Amino acid sequence: MSSSTVAVILVAAGSGTRLGHAEPKAFVPLGGSSILGIALDAVLGMRETPHVVVVAPADRVAEVRERFADVAAAASAPLDVVPGGASRQESVEAGLAALPRLVDTVLVHDAARPLTPSLVFDEVVAAVRSRGHGIVPGLPVVDTIKRIEGGHVVATVDRSVLSAVQTPQGFPREDLDDAFAAADPSYEYTDDAAIAAAAGITVDLVPGDARAFKITVPEDLRRAEQHLRDEAEGSSPRPAVAPGIRVGTGVDVHAFADDPATPLWLAGLEWPGERGLSGHSDGDAAAHAICDALLAAAGLGDVGAIFGTADPRFAAAHGEVFLAETRRLVEASGFRIVNVSVQVVGNRPKLSPRRAEAEALLSRVLGAPVSVAATTTDGLGFTGRGEGVSALATALLSAP
């Protein structure tokens, strides 16, 4: 009898025709195993052993049960394998129907995202339990998004209100059951969060992970293979480091631009009506100070060394681009960001009305809590004279 109160429904019933393989996507070879096998390894690496339900093509149910029974048993994880339906919605419903009553928290995960770290599953579970509603992981959208009609660009979409959503998506069991019971069977929902939202269930976003990309086309499969080869050959994106805590500080200074039309970007936000800061990028002193602090804590150098002004890729780039890349570098070096604080020094803009907004954006990009504060210098120095803005940041990293 299972004692697990958290379950993961691993959806692996898709055909994956765009991948160009004869077998269903989840059964395509990957890293000496298969896409499904790698995905299951991540699920079984969770801090709390889950009840696992694999939703497989009907003609592969027995094969999956036989192939992975010993793997699940070794992890003391209950394993059920059920046939999928004609749609993703029907497949998830089949997985829900197989869960024991004891389960109170359900995560739904696409096997097509096999490299999703176990830590993401743990964080989604913790967020569902602490907040009591739906949770989805996501990453900020860094590309400029255009709305088009008839092949013509008609508008630029504000990317600050967008997120690229991933799985696992987690929910209280009762809420997810109710949402699927109320779902319109004739409507094609793109994910479980859409079904939950349609039923009026609150869904929050937590930071996702770049490794949780979805394998859809051959290039995605090659990317996943390369990642696994790097790990096997010792050039892993997460090399071993001595365990412990690392602290780094970072400072950045930018003068106000001569051109009054230059937009101001600070702490990841645009400040309409305020004169911008000069710089090779958008001049976001707060974001750059945070990057410096993170890089210093990880022993990776500084912003100037990593994002040089000679690199055209970062011309006019926004702070969140630097932050996302810095996070990738830090995590690839084997560290986890614990928290960050940054203090902005200057007469303007007035930060307090948007402090919460800045903290939410920065925390989302870095996947860790970020505290933002501001102060002035009582008229002293270049900031006191209104010539520019400086920022001081402190970052705390852990090496598991």
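What to note about this one:
- Cα gyration tensor of region 6-232 - equivalent ellipsoid semi-axes, whole Å, descending: 26, 23, 18
- Legend: P(r) of region 100-190 from all alpha carbon pair distances, 10 Å bins from 0, whole percents, reading 14, 33, 32, 17, 4, 0.
- Relative contact order (%) - criterion: Cα under 8 Å, at least six apart; region: region 245-393: 29
- Residue with peak Gaussian network fluctuation, the chain [Cα springs, cutoff 10 Å], from 35, 148, 195: 148
- Computed over region 51-108, Cα set: Rg, Dmax in Å: 11.4, 32
- P(r) weight above 21 Å for region 20-145, C-alpha pairs, percent: 42
- Taking only Cα atoms of region 336-400, radius of gyration then Dmax in Å: 13.6, 45
- Computed helical MRE - 222 nm, the chain, DSSP H runs ≥ 4 contributing -39500 (n - 2.57), nearest 500: -9500 deg cm²/dmol
- With respect to the chain, whose longest principal axis is taken over its alpha-carbon atoms, helix 355-366 is tilted by about 50°.
- 3J(HN,Hα) from dihedral phi, region 21-31, Karplus parametrisation 6.51/-1.76/1.60, rounded to Hz, x for glycine, proline: 10, 6, 7, x, 3, 5, 9, 5, x, 7, x
- Measuring how big the chain is from its alpha-carbon positions, Rg and Dmax come out at 23.2, 75 Å.
- Just so you know, the Rg over Rh for region 244-399 is 0.96, from Cα atoms, with Rh as the Kirkwood radius.
- A cut-off under 15 angstrom between Cβ atoms defines the neighbours of residue 260, and their net charge, with Lys, Arg +1 and Asp, Glu -1, is -2.
All of the numbers you see were taken from the coordinates with simple rules; none came from a lab. Quick caveat, the model's predicted, so the values are computed rather than measured. Note that we place each Cβ from the backbone using ideal geometry, even for glycine, and neighbour counts take in every protein chain shown.
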